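Taking it in order: structure first as C-alpha coordinates, then the write-up.
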Amino acid sequence: MGVQPEITQRDLRSRSKEIMDAVEGGQSFIVTRDGHQIGELVPLRRRRRFVPRSEFAAMSRTASDVSRSKALPSG
(Lines give C-alpha, C1' and ligand atoms only; values in the text may rest on other atoms or scores of the structure.)
Protein backbone atom coordinates (compact mmCIF):
# COMPACT_ATOMS: atom_id res chain seq x y z
CA MET A 1 0.00 0.00 0.00
CA GLY A 2 1.32 3.46 -0.88
CA VAL A 3 1.46 6.61 1.19
CA GLN A 4 -2.00 7.94 1.99
CA PRO A 5 -2.59 11.55 0.95
CA GLU A 6 -3.44 14.02 3.68
CA ILE A 7 -6.54 16.17 3.47
CA THR A 8 -7.52 18.96 5.81
CA GLN A 9 -10.77 19.04 7.70
CA ARG A 10 -11.71 22.06 5.56
CA ASP A 11 -11.00 20.13 2.33
CA LEU A 12 -13.13 17.25 3.57
CA ARG A 13 -15.98 19.64 4.24
CA SER A 14 -15.74 21.59 0.97
CA ARG A 15 -14.86 18.68 -1.37
CA SER A 16 -16.83 15.92 0.33
CA LYS A 17 -18.41 14.49 -2.85
CA GLU A 18 -15.07 14.28 -4.67
CA ILE A 19 -13.36 12.74 -1.64
CA MET A 20 -16.16 10.25 -0.94
CA ASP A 21 -16.11 9.20 -4.62
CA ALA A 22 -12.37 8.55 -4.26
CA VAL A 23 -12.94 6.52 -1.07
CA GLU A 24 -15.63 4.52 -2.84
CA GLY A 25 -13.05 3.83 -5.55
CA GLY A 26 -10.60 2.43 -2.98
CA GLN A 27 -8.55 5.51 -2.00
CA SER A 28 -7.66 6.16 1.65
CA PHE A 29 -6.89 9.53 3.25
CA ILE A 30 -5.37 10.89 6.46
CA VAL A 31 -7.48 13.76 7.81
CA THR A 32 -5.69 16.67 9.50
CA ARG A 33 -6.82 19.56 11.67
CA ASP A 34 -4.50 22.47 12.40
CA GLY A 35 -1.65 20.47 10.87
CA HIS A 36 -2.15 17.45 13.14
CA GLN A 37 -3.30 14.05 11.93
CA ILE A 38 -6.64 13.31 13.57
CA GLY A 39 -8.12 10.44 11.62
CA GLU A 40 -8.06 8.07 8.72
CA LEU A 41 -10.73 7.82 6.04
CA VAL A 42 -10.66 4.32 4.53
CA PRO A 43 -13.03 2.37 2.28
CA LEU A 44 -15.02 -0.48 3.76
CA ARG A 45 -14.07 -3.93 2.57
CA ARG A 46 -16.81 -5.33 0.42
CA ARG A 47 -17.72 -8.96 0.99
CA ARG A 48 -18.25 -10.97 -2.11
CA ARG A 49 -21.40 -13.02 -2.17
CA PHE A 50 -20.45 -15.08 -5.22
CA VAL A 51 -17.22 -16.95 -5.90
CA PRO A 52 -16.75 -18.20 -9.45
CA ARG A 53 -16.59 -22.00 -9.75
CA SER A 54 -13.03 -21.92 -11.12
CA GLU A 55 -11.82 -19.84 -8.16
CA PHE A 56 -13.58 -22.13 -5.67
CA ALA A 57 -12.01 -25.18 -7.32
CA ALA A 58 -8.55 -23.59 -7.17
CA MET A 59 -8.97 -22.75 -3.47
CA SER A 60 -10.26 -26.25 -2.73
CA ARG A 61 -7.18 -27.88 -4.26
CA THR A 62 -4.87 -26.04 -1.86
CA ALA A 63 -7.07 -26.28 1.27
CA SER A 64 -6.06 -28.60 4.09
CA ASP A 65 -8.06 -31.77 4.64
CA VAL A 66 -10.26 -30.98 7.64
CA SER A 67 -11.56 -34.52 7.91
CA ARG A 68 -8.11 -35.64 9.08
CA SER A 69 -7.67 -32.86 11.62
CA LYS A 70 -7.65 -33.66 15.32
CA ALA A 71 -10.97 -33.17 17.00
CA LEU A 72 -11.15 -30.22 19.39
CA PRO A 73 -11.54 -31.17 23.04
CA SER A 74 -15.06 -30.61 24.32
CA GLY A 75 -15.65 -28.46 27.27
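The values are calculated or read from the model by the stated rules, or taken from the named source; none is laboratory data. These numbers come from a predicted model, not from an experiment. Neighbour counts run over all protein chains shown; Cβ positions are idealised from the backbone, glycine included. With ligands, DNA and RNA removed, areas are computed over all heavy atoms of the protein, side chains included. Shrake-Rupley method; radii C 1.70, N 1.55, O 1.52, S 1.80 Å.
Quick notes on this structure:
- Modelled spin labels at Ser54 and Arg33, positioned 7 Å past Cα toward Cβ, are 5.0 nm from each other.
- Table column - 3J(HN,Hα) (Hz), region 56-62, Karplus curve with 6.51, -1.76, 1.60, x for Gly and Pro: 4, 4, 5, 5, 5, 5, 9
- In the complete set of protein chains, residue-level accessible area for Ile38 is approximately 90 Å², probe 1.4 angstrom.
- Principal semi-axes of the equivalent ellipsoid, √(5λ) from the alpha carbon gyration tensor of region 1-42, are 16, 13, 6 Å from largest down.
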